[in-house]
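Student: Pasting a structure below so you can have a look.
The values are calculated or read from the model by the stated rules, or taken from the named source; none is laboratory data. None of these values were measured; they are calculated from a predicted model. Reconstructed Cβ throughout: ideal geometry from the backbone, glycine too, with neighbour counts over all protein chains shown.
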Amino acid sequence: MSEFSDEEILDLFKDNPNYALSLLVKKYQKQVYWHVRRMVIDHDDANDVVQNIFIKIWRNINNFRNESRLYTWIYRIATNETLTFLKQKRTFLFIPMINVEKELASKIDDDHFFKGDEIQRKLQKAIIGLPKKQRLIFNMKYFENIKYEDMAEILGTSVGALKASYHLSVKKIEKYLKEN
Amino acid sequence: MFVENNIEKESLNNIAPILSKINKSNGMHEPDEYFEQLPSIIQQKCNDLQKEPKIPSFFNPKYVIRYVMVVLLLFFGILVLIRNNNDEPKTNKNISYNDSSQDFIQNANIDDDDESLLTEALTNNSEIDIPSINLIDDIYLNTDDIINYLIDESDDNNENEF
């Protein structure tokens, strides 16, 4: 299947929204899924969040203006939905963040979808130990290889702050890996 | 982009030698055929949402708690108002003669101009004992007495004017 450009998909939303939505989901589902999954760890949680993200995109696509790129707009919605999900989880269960981290770490041990080796398991646990936003920045840079300029557009932060945050998180993870 | 990635990789080697040697795969996997099914699942959900009748925001379940709170507040507010209205302040009209005479007198609930009420209260209330004052006789003067009194008063006033 030849991939449609963002502009073509956006144009299709005017004439054939169902087809346009299916094209948009097919184009971005993997990026969005892994962006969310690395944050929430559990597949079922990630699945719920991903579905909500695409429903939100479908509902708001008419409000999308070409001031930003479709790709960064989708990522921004995905990031907000993921952070909201994590926040709601903490508020709803009345558990402090440290326990959410413990819960996520235990999911890595239990998750039957985790097939990585021991060092990858340790790496995931080290990432979970980072503060939520640092974790997000680390994942976007280390795994997804997103440019700092795009990350700045998605997260609404300066490039300098993102670089500093990534550098700090790399050092923390290296320390964790050395100690464990 | 390639150059930038090389610089970043080199920098990662320097600051985090252990991390830089780890395979970048995150070790997590999605269920089989997940990405094949996801577009149709989302499509279905969007179609269902389109068919759903829109609930007016007033009936939205997330506002139910707020509505209940407002109704309860209104209910208690009305209840308090009704109770306050039942405890009307004592006036000449509604005061009971069974009320204690002390309260009756001390709170000065008697209208100064309503002399008949005072006399009536004094005559009906046996708790008030004023043997030395024959107030009733003083008050119920006959017409002649009143006319004489007024003439006297008028004479006195005329004298003062001259």
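Student: Just wondering, is there one or more residues in segment B:41-61 that are modelled with pLDDT under 80 and closer than 24 Å to A:Y148 by Cβ?
Tutor: For segment B:41-61, residues modelled with pLDDT under 80 and closer than 24 Å to A:Y148 by Cβ: absent.
Student: Any chance you could count how many residues in segment A:30-51 are surrounded by fewer than 19 Cβ atoms within 10 Å (Cβ to Cβ) and in a helix (DSSP H, G or I)?
Tutor: First pass over segment A:30-51, keeping only residues surrounded by fewer than 19 Cβ atoms within 10 Å (Cβ to Cβ): A:30-31, A:34, A:42, A:44, A:48, A:51.
Next, from what is left, pick out any that are in a helix (DSSP H, G or I): A:30-31, A:34, A:44, A:48, A:51.
Residues in segment A:30-51 being surrounded by fewer than 19 Cβ atoms within 10 Å (Cβ to Cβ) and in a helix (DSSP H, G or I): 6 in total.
Student: While we're here: Which pairs do you get when a residue that is outside the structural domain of A:T79 (by TED's automatic domain parsing), found in segment A:152-177, comes within reach of a residue that is assigned to a loop (DSSP other than H, G, I, E, B), reach meaning Cβ atoms under 6 angstrom, with the pair 6+ apart or on two chains?
Tutor: Pairs that qualify, where the first residue is outside the structural domain of A:T79 (by TED's automatic domain parsing) and the partner is assigned to a loop (DSSP other than H, G, I, E, B), are A:S169/A:L130; A:V170/B:A16; A:E174/B:A16.
Student: Quick check: anything in segment A:128-139 buried (at least 19 other Cβ atoms within 10 Å of the Cβ), within 24 Å of B:N13 (Cα to Cα) and in contact with a strand residue (DSSP E or B) (Cβ under 8 Å, 6 or more places away or on another chain)?
Tutor: no
Student: Applying the selection to segment A:25-47, what residues are within 23 Å of B:N47 (Cα to Cα), more than 9 Å from chain B (Cβ to nearest Cβ) and touching a residue at least 12 places away in the same chain (Cβ under 8 Å)?
Tutor: Across segment A:25-47, the qualifying residues are A:K27, A:Y28, A:V32, A:D45.
Student: Something else about it: Out of A:F113, A:F94, report the one residue that is farther than 24 Å from B:Q44 by Cα, at pLDDT below 80, of a type outside the set (D, E, K, R) and out of contact with any Asp or Glu (no Cβ under 9 Å at 6 or more places or on another chain).
Tutor: Selected residue: A:F94, the only one of A:F113, A:F94 that is farther than 24 Å from B:Q44 by Cα, at pLDDT below 80, of a type outside the set (D, E, K, R) and out of contact with any Asp or Glu (no Cβ under 9 Å at 6 or more places or on another chain).
Student: Can you report the number of residues in segment B:4-34 which are within 24 Å of A:A20 (Cβ to Cβ) and either modelled with pLDDT under 85 or more than 57 Å from the chain's Cα centre (by Cα) (or both)?
Tutor: Of the residues in that region, 1 qualify.
Student: Going by the conditions given, is A:K133 within 13 Å of another protein chain (Cβ to nearest Cβ) and either in a helix (DSSP H, G or I) or closer than 16 Å to B:N23 by Cβ (or both)?
Tutor: So A:K133 does not fit the description; no.
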